[in-house]
Amino acid sequence: MSRYKVLRRSVAALLFSVLLLCSGAVSHSADITFRWAILADSGEGMTALDFSGTPVVHSGTALQVYLEHLSNCHIYLYLLDSGNDLTPLYPEENGYYNYGFPRGAKYIPPGTQSFTFVPPAGTEIFYLIASEQRLFQIERLTEEFINNANSLGQQQLVISEIEAIVDDRQKKSESAEDIERVERKYRTADGIEKTSFNAVEVDISDSYARKLLIDHR
């Protein structure tokens, strides 16, 4: 085969590849990007718990959760407390993602409010999941659980669904984390105050899932 024919075929192949990329025939999963932190009162303000290990929190310590969508991803957050009660924390209501994606920082509870762990002491578990695709199965199971909050069977169905996702994604999810400093503004009687804390910034494809353990004493 002549060098001219080889060159012509190579150019044709290159053009075909470019056309595929432009037409969308070759695609890549969109990135999931968001930030999160679980804040605890350190005595000198709210600081983020460090989940490189298992942080210790004492009963009565003021806590607050920070979440911020940086892309159009679906975030789900649950707390399984030391008394084995499951509480869906985010999204705030059924059908939340029917209306698009929130922008800006979200604090749970909002503003300067906080929540605390109460006895019994033990392990508190936060389940944090983010997905490019909406997780309709988890949403459906969560709604059924909320409507039957005293049913341990309904609770276990939600936990089993969450655990399956966490088992599959946790190791990869940890490697997709970085630490970013977040500035927070809030209004006081003296005007606008500023504070800052470290948050975990996630950048991953497809989905993210973490099981975050806290030693409640």
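The values are calculated or read from the model by the stated rules, or taken from the named source; none is laboratory data. No experiment lies behind these values; they were computed from the predicted model shown. Cβ sites come from the backbone with ideal geometry, for glycine too, and all protein chains shown count toward neighbours.
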Flag for E201 being over 16 Å from F34 (Cα atoms) and touching a Ser or Thr at 6+ places or on another chain (Cβ under 9 Å) | no
Could you name every one of the strands (runs of 3 or more DSSP E) located completely within the stretch 138-217 that has at least 2 residues being surrounded by fewer than 17 Cβ atoms within 10 Å (Cβ to Cβ), over 19 Å from the mean Cα position of the chain (by Cα) and modelled with pLDDT under 95?
-> 177-188, 191-205
Selection from the stretch 119-166 of residues that are over 25 Å from V57 (Cβ atoms) and among the acidic types (D, E) | E132, E139, E143, E144, E161
Scan the stretch 21-45 for residues that are over 15 Å from the mean Cα position of the chain (by Cα) and modelled with pLDDT of 95 or more and report the count.
-> 2
Output the residues belonging to the stretch 65-97 that are within 21 Å of L157 (Cβ to Cβ) and either part of a strand (DSSP E or B) or among the β-branched types (V, I, T) (or both).
-> H74, I75, Y76, L77, Y78, L79, L80, L86, T87, P88, L89, Y90
Looking only at the stretch 171-204, count how many residues are touching a residue at least 40 places away in the same chain (Cβ under 8 Å) and aliphatic (A, V, I, L, M).
-> 5
Please go through the stretch 184-217 and pick out each residue that is within 24 Å of I129 (Cα to Cα) and of a type in the set (D, E).
-> E201, D203, D206, D215
Looking across the stretch 98-137 at residues that are in contact (Cβ under 8 Å) with a residue 60 or more places away in the chain, outside any loop (DSSP other than H, G, I, E, B) and β-branched (V, I, T), the single one that is surrounded by the fewest Cβ atoms within 10 Å (Cβ to Cβ) is T123
